[in-house]
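A.B. asks: One structure coming up, written as structure tokens, with questions to follow.
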Amino acid sequence: MVVDIHNHILYGLDDGATTLTTTIDMAKKAIEFGISHVVATPHQDFKNYYNPPTKIYEKLDEVNRLLKSENIPLTICPGMEIGLYEGIIKDLERNQLISLNDSHKYLLIELPSEYIPHYTEEIFEKMKSMGYVPIIAHAERNAEIRRHPTKLLHLINQGALAQVTAASVIGLWGHRLQKVTLSLIKQNLVHFIASDAHNTSSRSFDLVCAYTFLDKKLSIHYSNYFKENALHIIKGTPIISAVKLQKRKKLLFI
Ligand SMILES: [Fe+2]
């Protein structure tokens, strides 16, 4: 059972799939690449993309019904990629945001690409007090994190988790980004790998390719760790912290 926790497979909601045909093609591609479950994470930032929960649930029902009728064995679960903004806590209280697989715990949070907003820590603290755990989407694509990985470590120490993109792991976006991504992984600053698939060509489901790459480049224990954590999101069970991976890694090399 391979789970992808971040992608834009639901059509007509954001810059991901544009038509139902693309959604179906993406579903077939996910299956072809060995993925059985995906958490659909349409963008929601109340500025560029407005996707209230009802709109997402309706689309999800429509697509899941169609997949079943066409015997495509992919299960799509609800989620959102939430662009961080100052009013996020109010919208959480108003039930305007969807946690990953309706876990009421894990929230996929997108930071701006250039910097970490000054209110990030304060908002993450408030989320924590409400029982939520923020997962920083494609952490490697934030310039401030790339320059200062200790800032990511700081947010993780505060209780956040981090996801990197499969394409960055395998080097599809260049050697430099790949190097940074692998460095974050090796420093145990990453808890999930996800595809962030938007289509079937330029941004596809590269997840299993990334796992295979890590098996060869680092160790099978990394891919097992990431696979297990994604599974925990679907099962609603606690994820394994990177600290435990560190211990496991130490044990491995004794
Ligand atoms: Fe995304």
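Read-outs throughout are calculated quantities, based only on the coordinates presented, and are distinct from any laboratory measurement. These numbers were taken from a predicted model, which means no experiment stands behind them. Here the Cβ positions follow ideal geometry from the backbone for every residue, glycine too, while neighbour counts run over all protein chains shown.
A.B. asks: Within the range 120-170, restricting attention to residues that are closer than 18 Å to residue 81 by Cβ and of a type in the set (Ser, Thr, Tyr), which residue is farthest from the chain's Cα centre (by Cα)?
C.D. replies: 120
A.B. asks: Might you let me know whether the range 166-180 holds any residue that is surrounded by fewer than 21 Cβ atoms within 10 Å (Cβ to Cβ) and touching a residue at least 60 places away in the same chain (Cβ under 8 Å)?
C.D. replies: no
A.B. asks: Restricting to the range 75-104, name every residue that is part of a strand (DSSP E or B) and hydrophobic (A, V, I, L, M, F, W, C).
C.D. replies: 76, 77, 82
A.B. asks: Looking for something more than 15 Å from the ligand (Cβ to nearest atom) and touching an Asp or Glu at 6+ places or on another chain (Cβ under 8 Å) - is there at least one such residue anywhere in the range 204-220?
C.D. replies: no
A.B. asks: Are any residues in the range 1-46 within 16 Å of the ligand (Cβ to nearest atom) and in a helix (DSSP H, G or I), and if so, which ones?
C.D. replies: Across the range 1-46, the qualifying residues are 22, 23, 26, 30.
A.B. asks: Any idea which of (1) among the acidic types (Asp, Glu); (2) in contact (Cβ under 8 Å) with a residue 60 or more places away in the chain; (3) farther than 22 Å from residue 124 by Cβ is the one residue 81 doesn't satisfy?
C.D. replies: Going through the list (1) among the acidic types (Asp, Glu); (2) in contact (Cβ under 8 Å) with a residue 60 or more places away in the chain; (3) farther than 22 Å from residue 124 by Cβ, residue 81 breaks only (3).
A.B. asks: Just to check your reading of the model, which residue among 122, 140 is assigned to a helix (DSSP H, G or I), more than 16 Å from the ligand (Cβ to nearest atom) and among the charged types (D, E, K, R)?
C.D. replies: Selected residue: 122, the only one of 122, 140 that is assigned to a helix (DSSP H, G or I), more than 16 Å from the ligand (Cβ to nearest atom) and among the charged types (D, E, K, R).
A.B. asks: Does residue 150 satisfy the criteria of being away from the ligand (no atom under 16 Å from the Cβ) and hydroxyl-bearing (Ser, Thr, Tyr)?
C.D. replies: Criteria met by residue 150.
A.B. asks: Look through the range 94-152, keep the residues that are among the aromatic types (Phe, Trp, Tyr) and in contact with a Leu (Cβ under 9 Å, 6 or more places away or on another chain), and return whichever of them is farthest from residue 179 (Cα to Cα).
C.D. replies: Ranking the candidates gives 132 first.
A.B. asks: May I pose another question? So, in the range 67-100, of the ones that are surrounded by 12 or more Cβ atoms within 10 Å (Cβ to Cβ), polar (S, T, N, Q) and closer than 16 Å to residue 51 by Cα, which residue ends up farthest from the ligand (Cβ to nearest atom)?
C.D. replies: Applying the filter and picking the extreme gives 96.
A.B. asks: When the residues of the range 47-61 are narrowed to those that are closer than 14 Å to residue 95 by Cα and either in contact with a helix residue (DSSP H, G or I) (Cβ under 8 Å, 6 or more places away or on another chain) or in a loop (DSSP other than H, G, I, E, B) (or both), which ends up farthest from the ligand (Cβ to nearest atom)?
C.D. replies: 52
A.B. asks: Those residues that are part of a helix (DSSP H, G or I) and polar (S, T, N, Q), I need them from the range 143-175; list them, please.
C.D. replies: Those that are part of a helix (DSSP H, G or I) and polar (S, T, N, Q): 150, 157, 168.
A.B. asks: Also: Quick check on the range 104-119: of everything there that is away from the ligand (no atom under 16 Å from the Cβ) and among the charged types (D, E, K, R), which residue is nearest to residue 81 (Cα to Cα)?
C.D. replies: The residue in question is 105.
A.B. asks: List every residue pair whose Cβ atoms lie under 7 Å apart, where the two residues are 6 or more positions apart in sequence or sit on different chains, the first residue falls within the range 196-207 and is touching a residue at least 24 places away in the same chain (Cβ under 8 Å) and under 13 Å from residue 15 (Cα atoms), and the second residue, located anywhere, is among the acidic types (Asp, Glu) and within 13 Å of the ligand (Cβ to nearest atom).
C.D. replies: Short answer, once both residue conditions are applied: 198/15; 203/196.
A.B. asks: Can I ask one more? Of the residues 220, 193, 233, 240, only one is among the β-branched types (Val, Ile, Thr) and over 26 Å from residue 157 (Cβ atoms); which?
C.D. replies: Step by step, each of 220, 193, 233, 240 is checked, and only 220 is among the β-branched types (Val, Ile, Thr) and over 26 Å from residue 157 (Cβ atoms).
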